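Asker: Below you'll find the structure I mean.
The values are calculated or read from the model by the stated rules, or taken from the named source; none is laboratory data. The model shown is predicted, which means the values in this text are computed figures rather than measured ones. All Cβ positions, glycine included, derive from the backbone under ideal geometry; neighbour counts span all protein chains shown. To get the accessible areas, we keep the full protein, side chains included, count just its heavy atoms, and leave off ligands, DNA and RNA. Shrake-Rupley method; radii C 1.70, N 1.55, O 1.52, S 1.80 Å.
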Amino acid sequence: MVNRLQFYIDGAWVDPVVKKSTPVVNPATEEAMYEVALGSKADVDKAVAAAKRAFETFSQTSREERVALLEKIITIYKGRMKEIGAAVSDEMGAPLPMAEKLQAGAGLGHLMSTLDVLKKYEFEETLPSSVVVREPVGVVGMITPWNWPLNQIACKVAPALAAGCTMILKPSEFTPTSALIFAEILHEAGVPKGVFNLINGLGPEVGAAMSEHPDIDMISFTGSTRAGIDVAKRAAPTVKRVSQELGGKSPNVILEGSDLNKAVIGGVMHMFNNSGQSCNAPSRMIVPAARMKEVAAIAKGVADKTKAGDPRGEGTTIGPVVNRGQWDKIQALINKGIEEGATLVAGGPGLPEGVNKGFYVRPTIFADVKPEMTISREEIFGPVLVIIGAQDENEAVKIANDTPYGLAGYVTAPTIEKAREVGRKIRAGNVNLQGVPNDRTAPFGGYKQSGNGREWGRFGLEEYLEVKAVAGYNAA
């Protein structure tokens, strides 16, 4: 039985300082499933004190000790993946097979990737008369979102443990159960008390207290750009490190001469994955203007086959979006697209046919979208694709980069050489060529208002390390 009314602090499950809770709603049924405790600044103070104490010893552990700890965590995690998948499916609406394989699987992937990095990483580098030492940054506050809960938890916690940091995690209040299971896994694996702490709570309360806390050395935040700005402002007076992965409005550039059918089908399917609730979703498809009607017809074919329905139902392609607030925002943007004159090719406002409850969004495609339209500028975070026409390659690149965001970009071209050439011009932290997915050992993060810092692989580990130069270390 997952303990949802306590927090995990200093190696034990403890009651909140002030008893307060909120219902967790199943987005497929709109019904409350259970209550989860909400924390306060007083809980943050307790957790930070525990993490600060634990840092004195955990920061001095050997690589071999931390390797053994990660190996134990991985073994236990594997045994609970179906349980994690079921929790993610119930709380944020992902279809159950996808939640078990991709959502829970992402967490396992980051644990395994970090273990491999830790085994090989050089923490010391020799210079002529000095040594450069990479040491754990200290106590880390982690704030994670609901859309890929285990992906974001694991790609922060695993490298922080590998670096020798201690931490306080605030997962999303919309998806608390998978995070609580993760805490149980770490406890069973023997993570020393105080090294990992978990407090559920709201951003304006727990998140703000973490961002401002003088004894937290670093904040790692994933979420909206708006919330990320608030975190950075609150963190500034204590000059702590802030690493952020924020919003996106990623371009998918399909050049003349490409296999249009393959590129468009792949792009639409990617956009609809996870109900469009991915920060790096290819939400702006930029195509040759002369091929707009052809592209729209192919895209409509994919949308018509995309079934929004019960996450545990047979044949469901996408589930609901996470909550009423998100549903209302998406509906408003769909209506804005119609109002501003984009061509509605598939979907539209309201619930899908045959659905009378749940936060389901019709798989929606707009064609003939102008770059200045609201649906082309704002992150929708739902299964809504906009198709924009470009007169030539130069205009396609210009449109691709005409955004305050810069998390991801996608390029399909007739040749890999042309894809590489255009990919280099895209101002984004991650660029995928010819439909190849992300490599978990490569860095993940954004340019511009999509954030700063990098996660995943070696680059993720280095976010949690300070660099110390020791002059005279090699002097005779």
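Asker: Straight-line reach from LYS448: which lysines fall under 17 Å, measuring Cα to Cα and dropping same-chain residues less than 8 apart?
Answerer: LYS448 reaches LYS233, LYS249, LYS398, LYS425.
Asker: Roughly how many debye, to the nearest 20, is the charge dipole of the chain about its Cα centre, given +1 on each Lys and Arg Cβ, -1 on each Asp and Glu Cβ, and no other charges?
Answerer: In total the dipole reaches around 200 debye.
Asker: Would you calculate the separation in nanometres between label points at PHE123 and LYS20, each defined as 7 Å from the Cα along the Cα-to-beta-carbon direction?
Answerer: Between PHE123 and LYS20, the label points sit 3.9 nm apart.
Asker: Roughly how many Å² of GLU372 are accessible to a 1.4 Å probe, to the nearest 10?
Answerer: 140 Å²
Asker: Considering only DSSP beta bridges where both residues belong to segment 211-328, give the percentage that are antiparallel (nearest 5). Before the final figure, lay out the partial values.
Answerer: Numbers: 0 of 9 bridges.
In segment 211-328, DSSP labels about 0 percent of beta bridges as antiparallel.
Asker: How much of LEU260 can a 1.4 Å solvent probe reach, expressed as accessible area in Å² and rounded to 10?
Answerer: For LEU260, solvent-accessible area is about 10 Å².
Asker: In addition: Compute and list, largest first, the equivalent-ellipsoid semi-axes of segment 243-326 from the alpha carbon gyration tensor, each √(5λ) rounded to a whole angstrom.
Answerer: Details: eigenvalues 124, 70, 18 Å².
That gives 25, 19, 9 Å for the three semi-axes.
Asker: What share of the DSSP beta bridges in the chain is antiparallel, in percent to the nearest 5?
Answerer: Approximately 40 percent, going by the DSSP bridge assignments.
Asker: Of ASP368, ASP43, which has the most accessible area and how do the rest follow, probe 1.4 Å?
Answerer: On the way: ASP368 65, ASP43 0 Å².
Most to least solvent-accessible, the answer reads ASP368, ASP43.
Asker: Also, quick follow-up: Take the alpha carbon atoms of segment 1-61, find their center, do the same for segment 301-362, and report the distance between the two centers in whole angstrom.
Answerer: Answer, in whole Å: 34.
Asker: From the helices alone, meaning DSSP H stretches of at least four residues, give me the mean residue ellipticity at 222 nm for the chain, per-run term -39500 (n - 2.57), in deg cm²/dmol to the nearest 500.
Answerer: -11500 deg cm²/dmol, from helical runs alone.
Asker: Here's something else I'd like to know. Cα axis of helix 176-189 to longest principal axis of the chain: angle in degrees, 0 to 90, nearest 10?
Answerer: 40 degrees
Asker: Arrange the residues TYR473, TYR405 by how much accessible surface each exposes, largest first, with a 1.4 angstrom probe. Provide the component values of the computation, followed by the final result.
Answerer: Details: TYR473 135, TYR405 40 Å².
Of TYR473, TYR405, the descending order of accessible area is TYR473, TYR405.
Asker: Oh, and also: In whole Å, what are the Cα extents of segment 322-476 along the three principal axes, biggest one first?
Answerer: Rounded to whole Å, the extents work out to 79, 40, 25 Å.
Asker: Between ASP328 and THR75, what is the label-to-label distance in nm when each label sits 7 Å out along the Cα-to-Cβ direction?
Answerer: Taking the simple label geometry, ASP328 and THR75 are separated by 4.9 nm.
Asker: Another question about this same structure. Against the longest alpha carbon principal axis of the chain, how many degrees, from 0 to 90 and to the nearest 10, is the axis of helix 149-163 turned?
Answerer: 30 degrees
Asker: Using only the C-alpha atoms of the chain, find the volume of their convex hull and express it per residue in Å³.
Answerer: Each residue corresponds to 144 Å³ of Cα convex hull volume.
Asker: If one takes the longest principal axis of the Cα atoms in the chain, at what angle in degrees, from 0 to 90 and to the nearest 10, does the Cα axis of helix 104-120 lie?
Answerer: Helix 104-120 and the main axis of the chain meet at about 50 degrees.
Asker: Counting only protein chains, not ligands or nucleic acids, how are MET1, MET167 ordered by accessible area (probe 1.4 Å), most first?
Answerer: Largest to smallest exposure gives the sequence MET1, MET167.
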